[in-house]
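Before any comments, here is the structure.
The values are calculated or read from the model by the stated rules, or taken from the named source; none is laboratory data. Because the structure is predicted, anything quoted here is derived from the model rather than measured. Cβ placement follows ideal geometry from the backbone for every residue including glycine, while neighbour counts extend to all protein chains displayed.
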Amino acid sequence: MDPYKKYGISIDSPAVSFQDISLLKRQLHLFFKKFGLNLKAISYAVEKGLAAHRNLKKTLINRADKLIKEAKREARMVVVLAGRPYHIDPLINHGISDFLVDMGVDVITEDAIPYEHGNSLSGINVLTQWIYTNRLYAAAKWVQKEDNTQLIQLTSFGCGPDAVSCDEVRDILREKGKIYTLIKMDEISNLGAVRIRLRSMLEAVKERRETAGRIQNICRKPYRVFTDKDRKRTLIAPYFSPFYSMLIPAAFRPLGYKVDVLPPQDSESIELGLKNINNDICYPAVLIAGDIIKAFKSGKYDPENTSVILTQTGGQCRASCYVSLIQKALSAASLADVPVVAISFEDINPQPGFIIDKKELVKRMGLGVIFTDPLSRMYLSSLAREKEKGGSKALHEKYLKKMEWGIETSDYGYLLEVLGEAVDDFNSISVTDRPVPAIGVVGEIFVKYNFFANGNIIEWLAGEGVEVVLPTLQGFFTQSFINENFDRKAFFKHSFIQSLKTRLTEIYLNFHLSQIDRIMQNFCFYRRPFNLKKLAEITEEVVSLANQYGEGWLLTADMIGMLENGINNIVCLQPFGCISNHITGKGLERKLKEMYPSFNLLALDMDAGASEINIINRLQFMAMAAKEDREQVEAAIYHPVARPSSLLRIYGREIPSFGNHIVPEIEKWKTWVYGLDLWKKANDFIRK
């Protein structure tokens, strides 16, 4: 239901952050000033609200402290019920707290714990990136020190961060012989089973108290650190994509490190991943963990002379916990002495011995991304049209190999020359004359670009005569320019200096991208690249740019960019349980259909148990729809018919039709016309 359309009532959802109180006041003023409230009034209200919140917290903590002391005197057990704020609702937690009270147990929540010296997070083996999970870790550390306390963790099915927090809370409790109890609320269909689990936990606690002297605590060893003497180790990197992975070793070679990219994943990677990692974590983490363990099991890499290297964004997504997840998986596979190194702009998993010139590394990695993106676009455009199978793939691999030297020497001019040669060679491929429909593929970064993770749907679609259009990888990184500007305007950040640096970097990068685009315009199936800044302006009408977790608003922008360029059929690929990207992907399907009535979305959840036949069947319908759309477009070009929504009506004259044989030059001309601002404005006018 749309309350604004039906009742004229809008739903306001301003982005608010409590990280900085002075900025919080400005954020709220940004929203409330339209109601006539000034900054002084907002500041006063914020201070009063925060004071009331502190008083409430103080009251809760005092009551919990009193309850704990009474329980100790009367030898009663105290259970910390740890969950999300909504889990306190009896309709959601099914009255679990009442069950425990009826069994003679006192219950408190994790945010009411009376810490004597503050809640320490020292010794935590995962990234402490979320306030909510940090509360759980602190509560678990408090419970392990208190004799008469236990902890029950409540989770909801499909909640991404819970897959990370569950393992860490369990490990913290087991250090001191505590029992870890996890209840997934969505799995409860029989409350009798919950009562049995709770009674079993209480009986187990009672039994352990009687045998306290024989319980052996589990000591957690700290993870292996990369030291100075480890610099000669071979670094192994998990396979990411055939479009980008080949050039990774060349970026590290001149900086003093040998990097081996592992072969593409296979079914054994899934098997080993599921065996050594929490199965509720996202599919890419399972594949990466299994792939690394498989490499050591193969005997090719000696654990004493090998380290693992990963890239980490440090964003809000649970993917930022991959380092700790891989460390846990290696430990479970008896490979705890293998160090794991993270390449990141954030301070994630610092390793004192891993010293590298980050500026030079970023330069080489950046060159790799901006030159492999156009190469992959030419490959995908040619793959669906080639007459001789395998020609496009051979050319793609040839020019990836040629680019290695340019990446190693960071020679931008050389790479431009290689790209120009690649354009000429791809133009010389013998292609079919039939019209080729296009389908866009968007989604989570790993599943989207990794052929094994996405069930090889890109080559399957190409085999069906469909051109696959992928967003560029550079967009995943250049969105930070827009994020920085938005965060400053929305008062999420103070830094004007950082914004200035970001703007200068953006200008520098855009200059080099324009050089690449000038060469790409000679490609016979050239598609004008999306202007991310303009796309962000349209996207902001659909979803707030504050959505920066996972792919965030960029996922919506990718779909809008394709729709603006006439690609109406889009496949959205997500790991099962990737809540953040489902919000900005499938969650916005209805809104996007209102803006683009021809929009056709197929959302696919990828995981270890995904049915290949089911995916192919659904893709078959998508391919058929794309072909029908293409046939209608061709029919409109060859036999123009005046329609109320047609451009013919605007111009009042007939557009000359083309013959049946559309040569590449005409395809290129049509693409150029569709990219003109005038054409876009006309389409916007028609849509409105």
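With respect to T133, is the statement that it is touching a residue at least 60 places away in the same chain (Cβ under 8 Å), surrounded by 21 or more Cβ atoms within 10 Å (Cβ to Cβ) and not hydrophobic (A, V, I, L, M, F, W, C) true?
Working: touching a residue at least 60 places away in the same chain (Cβ under 8 Å): no; surrounded by 21 or more Cβ atoms within 10 Å (Cβ to Cβ): yes; not hydrophobic (A, V, I, L, M, F, W, C): yes.
No; evaluated as a whole, the condition is false for this residue.
Going by what's in this entry, would A64 be described as under 30 Å from G192 (Cβ atoms) and touching a helix residue (DSSP H, G or I) at 6+ places or on another chain (Cβ under 6 Å)? Full working, then the answer.
Numbers: under 30 Å from G192 (Cβ atoms): yes; touching a helix residue (DSSP H, G or I) at 6+ places or on another chain (Cβ under 6 Å): yes.
Answer is yes for this residue.
Listed residues P303, P264, P238, P249; which is at pLDDT 90 or above and in contact with a Lys or Arg (Cβ under 8 Å, 6 or more places away or on another chain)? Give the steps one after another, and end with the answer.
Working: P303 fails: in contact with a Lys or Arg (Cβ under 8 Å, 6 or more places away or on another chain); P264 fails: in contact with a Lys or Arg (Cβ under 8 Å, 6 or more places away or on another chain); P238 fails: in contact with a Lys or Arg (Cβ under 8 Å, 6 or more places away or on another chain).
Criteria check complete, one pass: P249.
Within the stretch 611-629, restricting attention to residues that are among the hydrophobic types (A, V, I, L, M, F, W, C) and either in contact with a strand residue (DSSP E or B) (Cβ under 7 Å, 6 or more places away or on another chain) or crowded, with 17+ Cβ neighbours inside 10 Å (or both), which residue is nearest to Q265 (Cα to Cα)? Full working, then the answer.
So in the stretch 611-629, the residues among the hydrophobic types (A, V, I, L, M, F, W, C) come out as 613, 615-616, 619, 621-626.
If we keep only those that are either in contact with a strand residue (DSSP E or B) (Cβ under 7 Å, 6 or more places away or on another chain) or crowded, with 17+ Cβ neighbours inside 10 Å (or both) as well, we get 615, 619, 622-623, 625-626.
Values: I615: 19, L619: 22, M622: 27, A623: 26, A625: 31, A626: 30 Å.
Filtering first and then ranking leaves I615.
Yes or no: P284 modelled with pLDDT of 95 or more and not aromatic (F, W, Y)?
Details: modelled with pLDDT of 95 or more: no; not aromatic (F, W, Y): yes.
Criteria not met by P284.
Suppose the filter is at pLDDT below 90 and touching a strand residue (DSSP E or B) at 6+ places or on another chain (Cβ under 9 Å); does I92 pass it?
Values: at pLDDT below 90: yes; touching a strand residue (DSSP E or B) at 6+ places or on another chain (Cβ under 9 Å): yes.
Yes: the conditions hold for I92.
Conditions first: (1) over 23 Å from Q316 (Cβ atoms); (2) out of contact with any helix residue (DSSP H, G or I) (no Cβ under 9 Å at 6 or more places or on another chain); (3) of a type outside the set (D, E). I131 passes all but one, so which condition is the exception?
With (1) over 23 Å from Q316 (Cβ atoms); (2) out of contact with any helix residue (DSSP H, G or I) (no Cβ under 9 Å at 6 or more places or on another chain); (3) of a type outside the set (D, E) applied to I131, the lone miss is (1).
Among the numbered criteria (1) under 25 Å from N510 (Cβ atoms); (2) buried (at least 23 other Cβ atoms within 10 Å of the Cβ); (3) aliphatic (A, V, I, L, M), which single criterion is violated by L325?
Only one criterion in (1) under 25 Å from N510 (Cβ atoms); (2) buried (at least 23 other Cβ atoms within 10 Å of the Cβ); (3) aliphatic (A, V, I, L, M) is unmet by L325, namely (1).
With respect to the numbered conditions (1) of a type in the set (D, E); (2) in contact with a strand residue (DSSP E or B) (Cβ under 9 Å, 6 or more places away or on another chain); (3) surrounded by fewer than 17 Cβ atoms within 10 Å (Cβ to Cβ), which one is the sole condition not fulfilled by D517?
The failed condition is (2).
Against the definition (out of contact with any Cys (no Cβ under 9 Å at 6 or more places or on another chain), at pLDDT 85 or above, buried (at least 17 other Cβ atoms within 10 Å of the Cβ) and more than 30 Å from L325 (Cα to Cα)), how does V105 come out, yes or no? Break it down stepwise before answering.
Details: out of contact with any Cys (no Cβ under 9 Å at 6 or more places or on another chain): yes; at pLDDT 85 or above: yes; buried (at least 17 other Cβ atoms within 10 Å of the Cβ): yes; more than 30 Å from L325 (Cα to Cα): yes.
It is true that V105 is out of contact with any Cys (no Cβ under 9 Å at 6 or more places or on another chain), at pLDDT 85 or above, buried (at least 17 other Cβ atoms within 10 Å of the Cβ) and more than 30 Å from L325 (Cα to Cα).
Go through L601, L555 for me and flag whichever is surrounded by fewer than 24 Cβ atoms within 10 Å (Cβ to Cβ), under 22 Å from C317 (Cβ atoms) and in contact with a helix residue (DSSP H, G or I) (Cβ under 9 Å, 6 or more places away or on another chain). Before the answer, list the steps.
Details: L555 fails: surrounded by fewer than 24 Cβ atoms within 10 Å (Cβ to Cβ).
Matching residue, one of L601, L555: L601.
Working only within the stretch 373-387, note down all residues that are charged (D, E, K, R) and within 10 Å of F243 (Cα to Cα). It would help to see each step written out before you state the result.
Of the residues in the stretch 373-387, the ones charged (D, E, K, R) are 373, 377, 385-387.
If the condition is that a residue be charged (D, E, K, R) and within 10 Å of F243 (Cα to Cα), then D373, R377 are the ones that fit.
On the given criteria, is E110 of a type in the set (D, E), farther than 20 Å from T155 by Cα and either crowded, with 17+ Cβ neighbours inside 10 Å or not assigned by TED's automatic domain parsing to the domain that holds P339 (or both)?
Values: of a type in the set (D, E): yes; farther than 20 Å from T155 by Cα: no; either crowded, with 17+ Cβ neighbours inside 10 Å or not assigned by TED's automatic domain parsing to the domain that holds P339 (or both): yes.
Taking the combined requirement at face value, the residue does not satisfy it.
Looking at this structure, is F476 of a type outside the set (S, T, N, Q) and in contact (Cβ under 8 Å) with a residue 60 or more places away in the chain?
Working: of a type outside the set (S, T, N, Q): yes; in contact (Cβ under 8 Å) with a residue 60 or more places away in the chain: yes.
Yes; evaluated as a whole, the condition is true for this residue.
Is it true that L513 is closer than 28 Å to Q19 by Cβ and part of a helix (DSSP H, G or I)? Lay out the reasoning, then the answer.
Values: closer than 28 Å to Q19 by Cβ: no; part of a helix (DSSP H, G or I): yes.
No; evaluated as a whole, the condition is false for this residue.
Hey, K72 hits all of (1) surrounded by 12 or more Cβ atoms within 10 Å (Cβ to Cβ); (2) without any contact (Cβ under 8 Å) to a residue 60 or more places away in the chain but one; which does it fall short on?
Among (1) surrounded by 12 or more Cβ atoms within 10 Å (Cβ to Cβ); (2) without any contact (Cβ under 8 Å) to a residue 60 or more places away in the chain, the lone unmet condition for K72 is (2).
Considering only the stretch 252-269, state which residues are under 19 Å from I288 (Cβ atoms) and buried (at least 20 other Cβ atoms within 10 Å of the Cβ). If you could, list the steps in order and put the result at the bottom.
Narrowing the stretch 252-269 to residues under 19 Å from I288 (Cβ atoms): 252, 259-269.
Across the stretch 252-269, the qualifying residues are F252, L262, Q265, S269.
Let me confirm something: among S382, S392, which residue is under 26 Å from Q515 (Cβ atoms), in contact with a strand residue (DSSP E or B) (Cβ under 6 Å, 6 or more places away or on another chain), in a helix (DSSP H, G or I) and of a type in the set (S, T, Y)? Let's see the steps before the verdict.
Details: S382 fails: in contact with a strand residue (DSSP E or B) (Cβ under 6 Å, 6 or more places away or on another chain).
Selected residue: S392, the only one of S382, S392 that is under 26 Å from Q515 (Cβ atoms), in contact with a strand residue (DSSP E or B) (Cβ under 6 Å, 6 or more places away or on another chain), in a helix (DSSP H, G or I) and of a type in the set (S, T, Y).
For (1) among the hydrophobic types (A, V, I, L, M, F, W, C); (2) over 38 Å from the mean Cα position of the chain (by Cα); (3) within 26 Å of I183 (Cα to Cα), each residue gets a yes or a no:
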| site | (1), (2), (3) |
| --- | --- |
| Y4 | no, no, no |
| Q27 | no, no, no |
| H53 | no, no, no |
| L56 | yes, no, no |
| A64 | yes, yes, yes |
| L67 | yes, yes, yes |
| V78 | yes, yes, yes |
| P85 | no, no, yes |
| S97 | no, no, yes |
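Which of (1) surrounded by fewer than 16 Cβ atoms within 10 Å (Cβ to Cβ); (2) under 18 Å from R377 (Cβ atoms) is the odd one out, the single condition F451 does not satisfy?
F451 satisfies all of (1) surrounded by fewer than 16 Cβ atoms within 10 Å (Cβ to Cβ); (2) under 18 Å from R377 (Cβ atoms) except (1).
Taking the residues in the stretch 295-313 that are polar (S, T, N, Q) and under 16 Å from Q351 (Cα atoms) as candidates, determine which candidate is farthest from the chain's Cα centre (by Cα).
Keep residues of the stretch 295-313 that are polar (S, T, N, Q), which gives 298, 305-307, 311-313.
Of the ones still in play, those that are also under 16 Å from Q351 (Cα atoms) are 306-307, 311-312.
Numbers: T306: 28, S307: 25, T311: 13, Q312: 11 Å.
Selected residue: T306.
In the stretch 273-294, what count of residues is obtained for those that are under 23 Å from the mean Cα position of the chain (by Cα) and surrounded by fewer than 23 Cβ atoms within 10 Å (Cβ to Cβ)?
Residues meeting the conditions: 5.
Residues are listed down the side, and each one gets a yes or a no for (1) at pLDDT 90 or above; (2) part of a helix (DSSP H, G or I):
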| position | (1), (2) |
| --- | --- |
| L67 | yes, yes |
| V79 | yes, no |
| H117 | no, no |
| W142 | yes, yes |
| Q153 | yes, no |
| F157 | no, no |
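Given the conditions (1) crowded, with 16+ Cβ neighbours inside 10 Å; (2) outside any loop (DSSP other than H, G, I, E, B), which single one is not true for Q351?
Result: Q351 passes all but (2).
Against the definition (in contact with a helix residue (DSSP H, G or I) (Cβ under 9 Å, 6 or more places away or on another chain), surrounded by fewer than 16 Cβ atoms within 10 Å (Cβ to Cβ), polar (S, T, N, Q) and in a helix (DSSP H, G or I)), how does T505 come out, yes or no? Give the steps one after another, and end with the answer.
Values: in contact with a helix residue (DSSP H, G or I) (Cβ under 9 Å, 6 or more places away or on another chain): yes; surrounded by fewer than 16 Cβ atoms within 10 Å (Cβ to Cβ): yes; polar (S, T, N, Q): yes; in a helix (DSSP H, G or I): yes.
Judged against the criteria, T505 is a match.
List the helices (runs of 4 or more DSSP H) that sit entirely inside the stretch 517-592 and contain at least 1 residues that are aromatic (F, W, Y) and at pLDDT 90 or above. Reasoning before the result, please.
On the way: elements: 532-539, 553-564, 579-584.
The qualifying helices (runs of 4 or more DSSP H) are 553-564.
How many of the residues making up the stretch 444-467 are among the β-branched types (V, I, T), part of a helix (DSSP H, G or I) and either in contact with a strand residue (DSSP E or B) (Cβ under 9 Å, 6 or more places away or on another chain) or under 20 Å from A625 (Cα atoms) (or both)? Show your work before the answer.
The initial filter retains those residues of the stretch 444-467 that are among the β-branched types (V, I, T), namely 445, 447, 457-458, 466.
Now restrict to residues that are part of a helix (DSSP H, G or I): 445, 447, 457-458.
Within this subset, residues satisfying the condition of being either in contact with a strand residue (DSSP E or B) (Cβ under 9 Å, 6 or more places away or on another chain) or under 20 Å from A625 (Cα atoms) (or both) are 447, 457-458.
Number satisfying all stated conditions: 3.
Considering only residues of the stretch 212-234 that are within 30 Å of Y257 (Cβ to Cβ) and of a type in the set (A, V, I, L, M, F, W, C), which is modelled with the highest pLDDT? If you could, list the steps in order and put the result at the bottom.
From the stretch 212-234, those within 30 Å of Y257 (Cβ to Cβ) are 220-234; that's our starting set.
After this cut, where a residue has to be of a type in the set (A, V, I, L, M, F, W, C) as well, the list is 225-226.
Numbers: V225: 86, F226: 89.
Applying the filter and picking the extreme gives F226.
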